[in-house]
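Engineer: Dropping a structure here in structure tokens format, bear with me for questions.
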Amino acid sequence: MMFAVVYLSSKLGQVSGKGLFHVIREIYPRWILWPLLIGVLIGNTIEAAADLGGMAAALQLFIPISTPIIVVVVAAMIVALQVCGSYELIRNIFRWLALALFAYVASALLARPDRWEVLRGTFVPTIHFSRDFLSILVAIIGTSLSAYLYTWQSNVEVEEKIAQGRVKVRERQGSSESDLHKSRTDILTGMLFSNVIMYFIILATGATLFKAGQTNIDSATQAAEALRPLAGDAAGILFAVGIIAVGFLAIPVMTTGAAYDLCQVLGWKGSLHAKPSEAAAFYLVITGFTAIAACLNFLGLNPMRALIYSGIVQGFSTPPLLLFILLITNNRLLMGDKVNSLPLNILSCATVIVIFAASIGLVVTWFM
């Protein structure tokens, strides 16, 4: 499902030479455009806030400073990177940070889970039609298929073409089969890596915290500290390192993605290749969304619950946005001969149906 979603967004950006919301603005009326945008902005901001709080809590294991100070410092560092750093620098930092996610794999292995329980849980899942189960399911789907993935991926394709000197839209339009094949390979590899990391996160917590009956975790610090007596100091430290790496990876993507979306809807220039003097509004929006995310942490929100709630919001906003991406990538006027194949359409439709069904199931449990 993740492959289908991200590949559709990648193909849209490559063939049209435009970001997702740029295309939606040109094709669909405002009464469709603005609700989609607002849903994306709310989900991105809440999730960025939750990640920022989680990072701050994890950093407290290494730096004995209060959470509010860490939140402000980390937010300032992230904004400085986005505003002052080049697109190439940001891209390279992301690539190296991705390696830090292997800390989750090491943490899970150090937990020494029961191999037979792992195999049984992997291939024989336990499903409950309950509010808690469906809330977590929708949150996982929403987090894995968050709207920022679509917008970021489509805009990354645009940024890559700008890096090649194809600054104007008409110069960026069109993509060869070899380019699309390379994208499919890269995205499939990336999504496999993402799912493996998610699997080991679930394994690490399930084999330790859940098994020990610790199901009320309020912060990343508590999770990492709780792992220590169950799986050793190294496991707790590695788990915290993973949380920090995820934050540094995800928060810039969310806030920059939100800036791309808003600027494209309003017709403002927005590109990480542009200098702040050339795209002042774009960088102000990035700064603004990061500041809002930081401020939300001063409202006393529980970072762990905020992550779940933001995932649920993303889960509800994903089906309509994905449906429009599906319609756009089947539009021959825009995509030409690069419209979706039948297998890709089937996989994408199945993705929409699964997410929609899980969301409806959760709503039903609210009234039971």
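Engineer: Longest span of the chain, sites excluded, free of trypsin sites (Lys or Arg not before Pro) in DSSP loop with at most 14 other C-beta atoms within 10 Å? Walk me through the numbers on the way to the answer.
Structural biologist: Numbers: sites that count: Lys168, Lys211, Lys269.
It runs 1-167.
Engineer: I've got another one for you. Using the charge dipole of the chain (Lys, Arg: +1 at Cβ; Asp, Glu: -1 at Cβ; taken about the Cα centre), state which of Ser175, Ile32, Gly43 has its Cα farthest towards the positive end.
Structural biologist: In the chain, that residue is Ser175.
Engineer: Counting other Cβ atoms within 10 Å, keep those with at most 16, restrict to DSSP loop, and tell me which chymotrypsin sites (Phe, Trp or Tyr not before Pro) in the range 262-295 are left.
Structural biologist: Passing sites in the range 262-295 are Trp268.
Engineer: Along the positive direction of the dipole of the chain (beta-carbon charges: Lys, Arg +1; Asp, Glu -1; about the Cα centre), which of Gln14, Phe123, Ile243 reaches farthest?
Structural biologist: Of the listed residues, the answer is Gln14.
Engineer: Figure the gain on full extension for Leu81 and Leu327 (residue separation times 0.36 nm, minus the Cα-Cα span) and round it to one decimal in nm. Don't jump to the answer; show the numbers that get you there.
Structural biologist: Working: separation 246, 0.36 × 246 = 88.56 nm, distance 3.54 nm.
Length gained between Leu81 and Leu327: 85.0 nm.
Engineer: In addition: Describe numerically, in nm with one decimal, the distance between label points set 7 Å from Cα along Cα→Cβ at Lys168 and at Ala357.
Structural biologist: Rounded to a tenth, the inter-label distance reads 4.9 nm.
Engineer: Report which label in (i) 0.96; (ii) 1.17; (iii) 1.60 holds the value of Rg/Rh (Cα atoms, Kirkwood Rh) derived from the coordinates of this structure.
Structural biologist: (i)
Engineer: Dipole magnitude of the chain about its Cα centre, charges +1 at Lys/Arg Cβ and -1 at Asp/Glu Cβ only, in debye to the nearest 20?
Structural biologist: 540
Engineer: If the chain between Phe129 and Ile93 were fully stretched, how many nm would it gain, using 0.36 nm times the residue separation less the Cα-Cα distance?
Structural biologist: Length gained, Phe129 through Ile93: 8.8 nm.
Engineer: Quick check on the chain: helices-only [θ] at 222 nm, where DSSP H runs of length 4 and up contribute -39,500 (n - 2.57) each and the sum goes over total residues. Nearest 500, please.
Structural biologist: The per-residue figure over the chain is -26000 deg cm²/dmol.
Engineer: What do you get for GluC sites (Glu not before Pro) in the range 125-186 restricted to DSSP loop and a cutoff of at most 13 other Cβ within 10 Å of the site's Cβ?
Structural biologist: Details: sites: Glu157, Glu159, Glu160, Glu171, Glu177; in loops: none.
For GluC sites (Glu not before Pro) across the range 125-186 that sit outside H, G, I, E and B with at most 13 neighbouring Cβ atoms in 10 Å, the list is empty.
Engineer: Using a Cα-Cα cut-off of under 17 Å, which lysines could be cross-linked to Lys11, ignoring same-chain neighbours fewer than 8 residues away?
Structural biologist: List returned: Lys161, Lys182, Lys338.
Engineer: If you don't mind, there's one more thing I want to ask. Provide the packing ranking of 190-203, 34-47, i.e. peptides ordered by the mean count of other C-beta atoms within 10 Å per residue, highest first. All intermediate terms of the calculation are to be shown ahead of the outcome.
Structural biologist: Details: 190-203: 16.4, 34-47: 20.7.
Top of the packing list down: 34-47, 190-203.
Engineer: I'd like to know which of Thr318, Thr290, Leu347 lies farthest towards the positive end of the charge dipole of the chain, counting +1 on Cβ of Lys and Arg and -1 on Cβ of Asp and Glu.
Structural biologist: Checked the options; the winner is Leu347.
Engineer: From the phi angles alone, apply the Karplus equation (6.51, -1.76, 1.60; θ = phi - 60°) to the range 136-152 and give each ³J(HN,Hα) in whole Hz, x where the residue is Gly or Pro.
Structural biologist: 5, 4, 5, 5, 5, 4, x, 6, 6, 10, 4, 4, 5, 4, 5, 5, 4
Engineer: Using a Förster distance of 25 Å, how high is the FRET efficiency between Val339 and Arg120, based on the Cβ-Cβ distance and rounded to 0.05?
Structural biologist: Result of the calculation: an efficiency of 0.05.
Each value in this text was obtained by applying a stated rule to the coordinates, not by laboratory testing. These numbers were taken from a predicted model, which means no experiment stands behind them. Glycine also receives a Cβ, built like all others from the backbone with ideal geometry; neighbour counts cover every protein chain displayed.
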